[in-house]
Amino acid sequence: MNKKIIFIAIFCILFAAQSATAVDFGNNINFNVDENFDASGRSQITAVLVKTSPKLYFYVEKTWWDSQSQLKQNEILANLGNLSSEFENNIYPTLTSVFGSEWNPGVDGDSRITVLFEAMNSNEGGYFRTADEHIKLQIPASNEREMVYLALDRIDDPRLKVFLAHEFVHLITFNQKNKIFKIDEEIWLNEARADYSSNILGYDNIYSGSNLQQRVKDFIESPSDPITEWKGTKYDYASVSLFMHYFLDHYGINILIDSLKSKYVGIESINYALQKNGFKENFSQIFTNWTITSVLNNCSFSQDYCYLNKNLKNFRLAPSLNFLPLTGSVSLSVSNVTKNWAGNWLKFIGGNGDLQLDFSSIKGLEFSVPYIIEDSAGNYALKFLALDENQKGEIGVEKFGTDYKSLIILPSLQSKLSGFDGAEFTYPFTYKVSIKGSAETEDQDLIQQLLDKIAYLKSEIERLQNGGTNAQNYCSQLNNNLYYGLLNNERVKCLQSFLKSQGPDIYPEAYVTGNFLTLTRNAVIRFQEKYAQEILIPSGLSSGTGFVGPFTRAKVNQILSQD
């Protein structure tokens, strides 16, 4: 009798297992999805189970799957087979050994994780919903399973494993932070931790085509995107990715682990982890060091100011450039805005004399303003601007333009320490740069302007004596950069002739003398500001400089070619 009972029990188990496989595979299920990610703004889709593995269920949107040829379906299934193998042999064991496990068997009592391929907005890789980790009685829109969503158009992307690993870290985070400590991680750090998974798994070791390469490219496009503000753009990922690579290369992966496995979130959790691991630096100091590293990246200068990742050893960010006139007095005032934990990199070149830079913002804020001075031999000196309680400070550099050839300031606002959830407010700061020219230089400038006026009057008399005909343009193209202080220069005559043709709003004096002095510089500034979108904005400038560089010449030549 006992043997009969055992036989019946075994038969029932085998039958149940076969029935489950038959029911599940190829079965259609309605899934709740996030309408903010869905390509059509849907909140529910129907998907079909196309493949299972020991740790994963793969579902694909049914309408799309049914529209594919058998050959294409077989190709996709082969790709998913490779993906499941990578997940079970590398992604899962590696990431769980670092960060800990996801909730397993979880809300559904099933140790497998569901992967749903859904048509998403362009440039999306995937997403994770905490709602799915609750039963429907708690959240009606829950799918009641451990689950991640991947973009359907990435289903045959070579980087599909990167997206799966990223979303899997969010599953782990839910268990290690939300479930255990009953607290939600701040979005920026949650995403930073997930994005760094590609480096942990070795996917960024080969730089070409890697996730890191894409992050660097996006960072160069918009380097001042704050790391703690999260709007879901590629620039959010770029800035926090570059910061995390610097941070973890210097302080180790344990900071990321201990910050996760703590009752704190965001910056507070990082400061907790730093202290736990015996470091004296805090988040603010490390962020400031990263902003310096972004432009210096020189281990010979200091180990604190360089990337240690071999793929980032040659990366240096080009600061926004401000060109100061080479002779005479200089006065430049620029107002700007920034957000908490955003880098700003501003470089000043040119000028000739003793430079003074005044920085100011609003009382109650907290700015960090390191600055870098480069001497004529190319050596750097790093200093920190001391700000008073009104957030005002002053930098002085003697013999700027001769003994020292550049100044870079790196102001960053570091007032807010918690509560980052979406868009952040902007706050103003102002910098004023002045160089006082010598009295002798200013007298010579005035004399030269008078000589220019005499030369212009002579040319006008000659023109009238010749019947009043206008002289033709001196040239049809500008091929060289032009700047304040050039004298008796034919290229400057060409420039002045062009500026004169732009009318009295640009060059009211209309002198064509070949001398690039104050009146010509002012005319160039007016021209630059008239075409700011094409000349100033691409260089990160908000006001004209008077320097005729590549963008200014390009616009001049474009107009000349139309005449």
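The values are calculated or read from the model by the stated rules, or taken from the named source; none is laboratory data. Just so we're clear, the structure is a prediction, and the values are computed from it rather than from any experiment. All Cβ positions, glycine included, derive from the backbone under ideal geometry; neighbour counts span all protein chains shown.
Scan segment 320-345 for residues that are in contact with a Phe, Trp or Tyr (Cβ under 7 Å, 6 or more places away or on another chain), under 21 Å from residue 424 (Cβ atoms) and among the hydrophobic types (A, V, I, L, M, F, W, C) and jot them down.
Across segment 320-345, the qualifying residues are 337, 341.
Report, ordered by the first and then the second residue, all pairs with beta carbons closer than 7 Å, sequence separation of six or more or different chains, a first member in segment 499-513 that is over 19 Å from residue 476 (Cα atoms), and a second member that is outside any helix (DSSP H, G or I).
Between residues of segment 499-513 that are over 19 Å from residue 476 (Cα atoms) and residues that are outside any helix (DSSP H, G or I), there is no close pair.
So which of 157, 204 ends up being assigned by TED's automatic domain parsing to the domain that holds residue 259, of a type in the set (D, E, K, R), more than 19 Å from residue 49 (Cβ to Cβ) and not in a helix (DSSP H, G or I)?
Matching residue, one of 157, 204: 204.
Is there a residue in segment 330-348 that is assigned to a helix (DSSP H, G or I), surrounded by fewer than 21 Cβ atoms within 10 Å (Cβ to Cβ) and either touching a Pro at 6+ places or on another chain (Cβ under 9 Å) or modelled with pLDDT under 95 (or both)?
Checked against the condition, which is being assigned to a helix (DSSP H, G or I), surrounded by fewer than 21 Cβ atoms within 10 Å (Cβ to Cβ) and either touching a Pro at 6+ places or on another chain (Cβ under 9 Å) or modelled with pLDDT under 95 (or both), segment 330-348 yields no hits at all.
Are any of the residues in segment 181-192 in the same structural domain as residue 105 (by TED's automatic domain parsing) and of a type in the set (S, T, N, Q)?
Within segment 181-192 (the criterion being in the same structural domain as residue 105 (by TED's automatic domain parsing) and of a type in the set (S, T, N, Q)), the answer is no, since none of the residues qualifies.
Filter segment 173-183 down to residues that are surrounded by fewer than 23 Cβ atoms within 10 Å (Cβ to Cβ) and not aromatic (Phe, Trp, Tyr) and give me whichever is nearest to residue 49 (Cα to Cα).
Looking at the filtered set, the residue picked out is 175.
Scanning segment 107-124 for residues that are modelled with pLDDT of 95 or more, assigned to a loop (DSSP other than H, G, I, E, B) and in contact with a helix residue (DSSP H, G or I) (Cβ under 8 Å, 6 or more places away or on another chain), which turns out farthest from residue 64 (Cα to Cα)?
So, considering only residues that are modelled with pLDDT of 95 or more, assigned to a loop (DSSP other than H, G, I, E, B) and in contact with a helix residue (DSSP H, G or I) (Cβ under 8 Å, 6 or more places away or on another chain), the one farthest from residue 64 (Cα to Cα) is 107.
Residues in segment 234-242: is at least one crowded, with 22+ Cβ neighbours inside 10 Å, among the polar types (S, T, N, Q) and not in a helix (DSSP H, G or I)?
Among the residues of segment 234-242, not one is crowded, with 22+ Cβ neighbours inside 10 Å, among the polar types (S, T, N, Q) and not in a helix (DSSP H, G or I), which makes the answer no.
Could you tell me whether residue 311 is free of Cβ contacts under 8 Å to residues at least 24 places away in the same chain, within 25 Å of the chain's Cα centre (by Cα) and not assigned by TED's automatic domain parsing to the domain that holds residue 379?
no
Taking segment 133-154, which residues are of a type outside the set (A, V, I, L, M, F, W, C), touching a residue at least 40 places away in the same chain (Cβ under 8 Å) and either surrounded by fewer than 16 Cβ atoms within 10 Å (Cβ to Cβ) or assigned to a helix (DSSP H, G or I) (or both)?
Scanning segment 133-154 gives a single hit, 133.
What tally of residues in segment 243-268 results from selecting those that are part of a helix (DSSP H, G or I) and under 12 Å from residue 176 (Cβ atoms)?
5
Go through segment 535-563 residue by residue and tally those that are in contact with a Ser or Thr (Cβ under 9 Å, 6 or more places away or on another chain), more than 20 Å from residue 475 (Cβ to Cβ) and outside any loop (DSSP other than H, G, I, E, B).
Selection size over segment 535-563: 1.
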